[in-house]
1. What do you get for the angle between helix 202-211 and the principal long axis of the chain? Use alpha-carbon atoms, 0 to 90 degrees, nearest ten.
2. Helix-derived [θ] at 222 nm for the chain: sum -39500 (n - 2.57) over DSSP H runs of at least 4, divide by residue count, nearest 500?
3. For the pairs Lys58/Lys191; Lys191/Lys234; Lys45/Lys118; Lys153/Lys226; Lys175/Lys240, note any where the Cα-Cα span goes beyond 18 Å.
4. Could you give the dipole magnitude of the range 14-63 about its Cα centre, charging the beta-carbon of Lys and Arg +1 and that of Asp and Glu -1, in debye to the nearest 20?
5. Would you please put 56-63, 106-113 in order of how densely packed they are, using the mean number of other Cβ atoms within 10 angstrom per residue and starting with the highest?
6. Volume per residue, Å³, of the convex hull around the alpha-carbon atoms of the range 42-88?
7. Quick check: net charge around Lys58, other residues with Cβ under 12 Å of its Cβ, Lys/Arg +1 and Asp/Glu -1?
8. Projected onto the charge dipole of the range 2-246 (+1 at Lys/Arg Cβ, -1 at Asp/Glu Cβ, origin at the Cα centre), which of Ser246, Phe105, Leu127 gives the Cα projection farthest towards the positive end?
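Each value in this text was obtained by applying a stated rule to the coordinates, not by laboratory testing. What you see is a predicted model; the values in this text were computed from it and never measured. In this analysis, Cβ positions are derived from the backbone assuming ideal geometry, glycine residues included, and neighbour counts consider all displayed protein chains.
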Amino acid sequence: MEVLVAGAYGSRRSGMNLSTFVIDENIVVDCGALFSGNVNLKKVKAIFITHCHADHIKDLPFFIDVFPFENSREEPLLVYGNREIIQVLEDNIFNGKVWPELFRFRLKNGKPAVVIRKVEPMCEFSLGDYRIIPVPVNHTVKTTGFAIFLGNKGVFISGDTYRCKAMWEFLNSKKEIKAFFVDVSYPSIKKELSSIALHYNSDDLFRDMNQLSLPRDIRVFAYHLKYPFVDVIKEELAEKGISALSDGERIRI
């Protein structure tokens, strides 16, 4: 497996793309930076959305807008999300006012351009050769992390989250997971803000990693770093041997 980090950050600034991961070119998790230039858009077949906040869905309408006009497309784009995400997309974006309703997007062969599929907590399903497990995490809105497996290896992308014992227990139970991509939005001095916004700070991440005995062969990568704390977070993470991701990185699993 290869994971392209098309967007590594939780703030939109010059040189900082919003959270977007692409697995083996065809599976996308969150779409804050689909048009970053690193993503081969013609190969994207499915998008998994962790939650409904704007920085995680920003590019979805624009991608759906052009999707039907690519001559190579014969099958719908699959968009996966929890019940709340689907409701937000239907009521607040693809509602005929902000953006056309989804049923209006059609491929040249007449098939729907987009098919929305609801995910249920901890209910495993397949997508081609991949196995996916949606894992509920702890954030201000209903948020789902995704564990994605190919053969005997897997990755877990947390989505926005804060201290969540069930998430760590899941990681410990799945020995196939070799890489963990986790939200670390704030430095240790912003613990109060972290606990209100329900985003990890570096200190609480270290505490949970130590107390819950994360398997040693899991590589941990921090993302969703927020402006203006990026440099401080990176320094704190580096002291503990944790990599903070940057736009354009490719991680081989």
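1. Roughly 80 degrees, rounded to the nearest 10.
2. Mean residue ellipticity, 222 nm, calculated: -5500 deg cm²/dmol.
3. Lys58/Lys191; Lys153/Lys226; Lys175/Lys240
4. Approximately 160 debye in magnitude.
5. Numbers: 56-63: 20.4, 106-113: 13.6.
Peptide ranking by packing, descending: 56-63, 106-113.
6. 78 Å³
7. Net charge in that neighbourhood comes out at -2.
8. Phe105
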